[in-house]
2 protein chains.
Amino acid sequence: FQRVMALVDELRLTESAPPDRRDRPVIEFRSPEELSQLLPLALGEPASDEAELLQLCRQVARYSVRTSDFRFRNQLYGGVDGYGLAGALLTECLNTNQHTFEVAPAFILCEATVLAHVRRLIGWSSGDGIFAAGGSMSNQYGLALARYHRHPQVKTSGLFGLRPMVLFTSEDAHYSVLKAAHWHGYGQENVVSVPTDECGRMRPEALSAAVERVLSEGREPLAVNATCGTTVLGAYDPLPAIADICQQHGLWLHVDACWGGAALLSRQWRHLMAGVERADSVAWNPHKMLGAPLQCSLFVTRHDGLLHQCNSAQATYLFQQDKFYDVSHDTGDKSIQCGRKVDGFKLWLMWKAHGDSGLESMVDTTFAAARYCADQVSRRDGFRPVLPPGSDAGQCANVSFWYVPAALRGQEETPEWWHRLSLVAPRVKEAMVRSGTLMVGYQPLPHKQAVNFFRLVFTAVPPLGRAEVDYMLDEIERLGRDL
Amino acid sequence: FQRVMALVDELRLTESAPPDRRDRPVIEFRSPEELSQLLPLALGEPASDEAELLQLCRQVARYSVRTSDFRFRNQLYGGVDGYGLAGALLTECLNTNQHTFEVAPAFILCEATVLAHVRRLIGWSSGDGIFAAGGSMSNQYGLALARYHRHPQVKTSGLFGLRPMVLFTSEDAHYSVLKAAHWHGYGQENVVSVPTDECGRMRPEALSAAVERVLSEGREPLAVNATCGTTVLGAYDPLPAIADICQQHGLWLHVDACWGGAALLSRQWRHLMAGVERADSVAWNPHKMLGAPLQCSLFVTRHDGLLHQCNSAQATYLFQQDKFYDVSHDTGDKSIQCGRKVDGFKLWLMWKAHGDSGLESMVDTTFAAARYCADQVSRRDGFRPVLPPGSDAGQCANVSFWYVPAALRGQEETPEWWHRLSLVAPRVKEAMVRSGTLMVGYQPLPHKQAVNFFRLVFTAVPPLGRAEVDYMLDEIERLGRDL
Ligand SMILES: Cc1ncc(COP(=O)(O)O)c(C=O)c1O
Ligand SMILES: Cc1ncc(COP(=O)(O)O)c(C=O)c1O
């Protein structure tokens, strides 16, 4: 065990090595079949001895993706903040469950403090909140509150026999709303996908029209899910106009700021989220841009007391009312979970360590790298932005572009040409993964008639400068040029 | 940061100190108000320096509950297995998300291996599964599959206009089913609470009658949630009889083995779960009895392919079908989460380290301690078991009892007497928490007309013997004798 710990130490040190250490690949790729051969996966008998375990851990680490390497740009998360990691390790060692003050006194207070601080950033002086197991679940909290707020009787008698209720979300929004709509009993037909503009922002007039249409069909508009920082294009939906529509029709406004919410921390960028104070609820994932360790997702609402009324089940074995301390600190009954990992403490410790201003500069550095990248993409030969020129200023730290190999340049852009371009990103991706020099995501956006393009996303850890951005674009060029 | 790490090290070592080290209290209790004074909780400016951060961590650790101390018997989890912890720290350092093979190649294979091994233990040769953020969520997976299996169109059109669907669960079952029933749109009225026998086991004839009644009311019976190891009394529902009823009426059988599922690992105790192979789905929390680090909860089903059909949303940015490896390893679309913590690896590493037989002996030791405790409770003056004599043999590692102070012994058991007895457990609990010598949960069970009683639960880490059990009972006696 001591040696496993030593290995963990060894790993951690390497992980936090300076970003210019490119002596190790970001991934040492093996196919599922090869990896199954390399790793002695099977369980049963006999038990492995210490030496074997150490070797196993070393192999697992070796074939895992080094997400802390700056060349890992594949998802909306990446490297992990050192203080956040310290917080994570501490809570792992203490193995605490965050349901009552009784078992998690200090962590309960830290969670409450950080939630209140975030609510203040949003512009609310009261309200409530909870940390959840990821943004998909935080979004579900928003939907659950929206329904309970309008129809508390659904908690007792369900949706049967009711008029269909409808959720509105943009065509560029995250799929978690669609998944939640199934579990929550709405059905995906009752999620209206509102068209977006060429940057991926919800069109308010389209939302208005959609609400009217739903009303005329005899269905009941319930809630709007607006996004601050869409997953692919990084769009911020126009909250003031959306809030007006919600107000007019009495709809709950949930803001999915899982990705783009970090803008709140920055005087330079929080204008992107103007109007967020008019939301009923907000979800934000500090484990994305800010580099809090996975999982770290928070849900806040400006409605005081609603979370408890909506979700409580009053289990007598956990939430005894005859305890000898103020049981309002037993937050567990607000949750849809029972046991709940201590995620709030990680963010609290990061906030203590960096302060408001330290977090702000992490966000500013991240946006600056993204803006530099967007600018390069608009200038470099062979790179072609997906968004219209100049529109990057309103986006989150995403840069979307096609790479056009030399053989495809200067040709007529027929359907056949686009088809050939659509094959480029997957092939470049395969090449980068096999060589371990970079990992960047790609995807098509069918509703924008966009074939496979790259999405380069920027996160705060490790901090990225121009040299790293240049490296990434050079590498894509190197691998794609001759396709 | 290095010093924060050193502190983490220091903590871990103390946490895993031998169980007889009683030089530190299990908790150093402060009220919420006192603790808010002691901890500099506020966030903002200025940032704390390293020395302050270290001090903060030390204080948070000091006022946190030492769940790894054998005197922590307050919940269904406790100390953490050293190998599991090593696995947790490794995944924290690697900061990996478990949604695609691309970003988590080794972890995806470990998860698949451990899920298949558990399915084999249950008795299934095929099927599917996933790790979830706790047992409440694992149970939700069961309910989601039950509905999708019968009514796939609910995924598209929702529950509106349908006949009410009904879930059956015992009156002693965990409240997560009730919470899920709200979120999933059933409403809590459509959860039928089936009566249990005096040990807390679902009565099959009562289930039969309940199904008939629901049918006669024009509602639609959908699924039964049977429990293996109820939260308070530790009852195992009689699966064969319940499975017969499910078969007769075409109901989905979900088994909540979150607490008692560890019995599967033991030749001596797996008879408690006879019939589990007839279930459609099973939830089990290795973070409970087995001491895997929180959170570690798994969901398995014998239906191949259903999890994907039910939950997929085919996000193109994550689950591209034109990848260069076999994308059936991209398990993320089976999940209701998007990002998902790597929980399976912790259990996989524990299994490698202990082997089947090592885990078996952990379970056997745990049950033996519980049986010894139950025996002592039935013999000791002032201790009074909640369950009828001899019935412990069929229960999980829970021991439920009243402690009757000397002043209450040998008296007529009037309502007033029971009322006075109901005040004993909270007062003893307060005394133990304030002195930091023990933490044991208590609760009433109104449906059994049982006023506040203690629930002593046994978990595998640290291993407990007779000396520790004697200490616990002595301590309750010491604190309660003169009340
Ligand atoms: C029987 C049972 N099922 C499910 C759960 C929920 O598990 P979790 O706390 O991981 O959500 C519990 C928790 O105590 C339980 O006792
Ligand atoms: C906009 C947006 N919302 C929600 C989520 C879901 O967050 P999580 O992965 O924590 O469930 C994501 C994930 O990428 C996202 O991009």
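The values are calculated or read from the model by the stated rules, or taken from the named source; none is laboratory data. In this text, all values refer to a predicted model and were calculated from it rather than measured experimentally. Ideal geometry is used to build each Cβ from the backbone, glycine not excepted, and the neighbour counts take in all protein chains shown.
Which ones in region A:76-99 are assigned to a helix (DSSP H, G or I), at the interface with chain B (Cβ under 7 Å from one of its Cβ atoms) and within 16 Å of ligand 2 (Cβ to nearest atom)?
Passing the criteria: only A:Ala88.
So, A:Ala257, is that one out of contact with any Gly (no Cβ under 6 Å at 6 or more places or on another chain), surrounded by fewer than 21 Cβ atoms within 10 Å (Cβ to Cβ), in contact (Cβ under 8 Å) with a residue 24 or more places away in the chain and of a type in the set (Gly, Ala, Ser) or not?
Spelling it out, it is not the case that A:Ala257 is out of contact with any Gly (no Cβ under 6 Å at 6 or more places or on another chain), surrounded by fewer than 21 Cβ atoms within 10 Å (Cβ to Cβ), in contact (Cβ under 8 Å) with a residue 24 or more places away in the chain and of a type in the set (Gly, Ala, Ser).
Give A:Val214, A:Val177 a once-over and let me know the one that is of a type in the set (Val, Ile, Thr) and under 13 Å from A:His249 (Cα atoms).
After ruling out the rest, the residue left standing is A:Val214.
Among (1) within 19 Å of the chain's Cα centre (by Cα); (2) of a type outside the set (Gly, Ala, Ser); (3) more than 10 Å from ligand 1 (Cβ to nearest atom); (4) over 18 Å from B:Leu121 (Cα atoms), there is one condition B:Pro238 misses while meeting the rest; what is its number?
Condition not satisfied by B:Pro238: (1).
How many residues are part of a loop (DSSP other than H, G, I, E, B) and either surrounded by fewer than 20 Cβ atoms within 10 Å (Cβ to Cβ) or among the aromatic types (Phe, Trp, Tyr) (or both) when one looks only at region A:164-198?
6
For B:Phe324, are the conditions met, namely being surrounded by fewer than 24 Cβ atoms within 10 Å (Cβ to Cβ) and either away from ligand 1 (no atom under 16 Å from the Cβ) or in contact (Cβ under 8 Å) with a residue 12 or more places away in the chain (or both)?
yes
Which of the residues spanning region B:460-483 are more than 30 Å from B:Asn285 (Cα to Cα), in contact (Cβ under 8 Å) with a residue 24 or more places away in the chain and not hydrophobic (A, V, I, L, M, F, W, C)?
B:Glu477, B:Gly480, B:Arg481, B:Asp482
Working only within region B:244-259, note down all residues that are acidic (Asp, Glu) and within 16 Å of ligand 1 (Cβ to nearest atom).
Within region B:244-259, just B:Asp256 meets the criteria.
For region B:31-58, name all the residues that are surrounded by 14 or more Cβ atoms within 10 Å (Cβ to Cβ) and facing another protein chain (nearest Cβ under 7 Å).
Selection gives B:Ser31, B:Pro32, B:Leu35, B:Ser36, B:Leu39, B:Leu41, B:Leu43, B:Ala47, B:Ser48, B:Leu53, B:Leu56, B:Cys57.
Is it true that A:Ser297 is within 25 Å of the chain's Cα centre (by Cα) and either polar (S, T, N, Q) or within 16 Å of ligand 1 (Cβ to nearest atom) (or both)?
Yes, satisfied.
Within the set of pairs 6+ apart or on separate chains, which have a first residue in region B:373-398 that is in a helix (DSSP H, G or I), a second that is among the basic types (Lys, Arg), and C-beta atoms under 6 Å apart?
Cβ pairs passing all conditions: none.
Does B:Arg73 satisfy the criteria of being more than 8 Å from chain A (Cβ to nearest Cβ) and surrounded by fewer than 20 Cβ atoms within 10 Å (Cβ to Cβ)?
Answer is no for this residue.
Please go through region A:274-289 and pick out each residue that is small (Gly, Ala, Ser), part of a loop (DSSP other than H, G, I, E, B) and either within 16 Å of ligand 2 (Cβ to nearest atom) or touching a Lys or Arg at 6+ places or on another chain (Cβ under 9 Å) (or both).
Once the filter is applied, which keeps residues that are small (Gly, Ala, Ser), part of a loop (DSSP other than H, G, I, E, B) and either within 16 Å of ligand 2 (Cβ to nearest atom) or touching a Lys or Arg at 6+ places or on another chain (Cβ under 9 Å) (or both), region A:274-289 yields only A:Ala279.
Between residues in region B:59-70 that are surrounded by fewer than 23 Cβ atoms within 10 Å (Cβ to Cβ) and assigned to a loop (DSSP other than H, G, I, E, B) and residues that are of a type in the set (Lys, Arg) and modelled with pLDDT of 95 or more, which pairs lie under 8 Å by C-beta distance while being six or more apart or on different chains?
Between residues of region B:59-70 that are surrounded by fewer than 23 Cβ atoms within 10 Å (Cβ to Cβ) and assigned to a loop (DSSP other than H, G, I, E, B) and residues that are of a type in the set (Lys, Arg) and modelled with pLDDT of 95 or more, the close pairs are B:Tyr63/B:Arg30.
Which numbered condition in (1) in contact with a Pro (Cβ under 7 Å, 6 or more places away or on another chain); (2) part of a helix (DSSP H, G or I); (3) within 20 Å of B:Glu102 (Cβ to Cβ) is the only one that A:Glu468 fails?
That leaves (3) as the condition not met.
Yes/no matrix, rows are residues, columns are (1) within 30 Å of A:Gln443 (Cβ to Cβ); (2) part of a loop (DSSP other than H, G, I, E, B):
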| position | (1), (2) |
| --- | --- |
| B:Gly234 | no, yes |
| B:Ile242 | no, no |
| B:Gln248 | no, no |
| B:Leu253 | no, no |
| B:Leu264 | no, no |
| B:Gly291 | no, yes |
| B:Asp304 | yes, yes |
| B:Gln314 | yes, yes |
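Out of all the residues in region B:259-301, which are of a type in the set (Gly, Ala, Ser), under 23 Å from B:Arg150 (Cα atoms) and in contact with a Phe, Trp or Tyr (Cβ under 6 Å, 6 or more places away or on another chain)?
Matches in region B:259-301: B:Ala283 only.
Quick one: in region B:275-291, of everything that is more than 11 Å from ligand 1 (Cβ to nearest atom) and within 20 Å of the chain's Cα centre (by Cα), which residue is farthest from the other protein chains (Cβ to nearest Cβ)?
Residue satisfying both the conditions and the ranking: B:Ala279.
If we keep just the residues of region B:428-468 that are among the small types (Gly, Ala, Ser) and within 11 Å of chain A (Cβ to nearest Cβ), which is surrounded by the most Cβ atoms within 10 Å (Cβ to Cβ)?
B:Gly441
For A:Arg379, are the conditions met, namely being under 24 Å from the mean Cα position of the chain (by Cα), surrounded by fewer than 18 Cβ atoms within 10 Å (Cβ to Cβ) and of a type in the set (D, E, K, R)?
Criteria not met by A:Arg379.
Of these, A:Gly187, A:Gly158, A:Gly135, which one is over 20 Å from B:Gly187 (Cβ atoms) and among the small types (Gly, Ala, Ser)?
A:Gly135
Filter region A:462-478 down to residues that are modelled with pLDDT of 95 or more and touching an Asp or Glu at 6+ places or on another chain (Cβ under 9 Å) and give me whichever is nearest to A:Val80 (Cα to Cα).
Selected residue: A:Glu468.
Tell me which residues, restricted to region A:113-163, are part of a helix (DSSP H, G or I) and β-branched (Val, Ile, Thr).
Passing the criteria: A:Thr113, A:Val114, A:Val118, A:Ile122, A:Val154, A:Thr156.
Within region A:120-152, work out how many residues are farther than 19 Å from A:His287 by Cβ and more than 10 Å from every other protein chain (Cβ to nearest Cβ).
Counting residues in region A:120-152 that are farther than 19 Å from A:His287 by Cβ and more than 10 Å from every other protein chain (Cβ to nearest Cβ) gives 12.
Here is a check on your reading of the model: is B:Ala425 modelled with pLDDT of 95 or more and either under 26 Å from the mean Cα position of the chain (by Cα) or farther than 20 Å from A:Tyr325 by Cα (or both)?
yes
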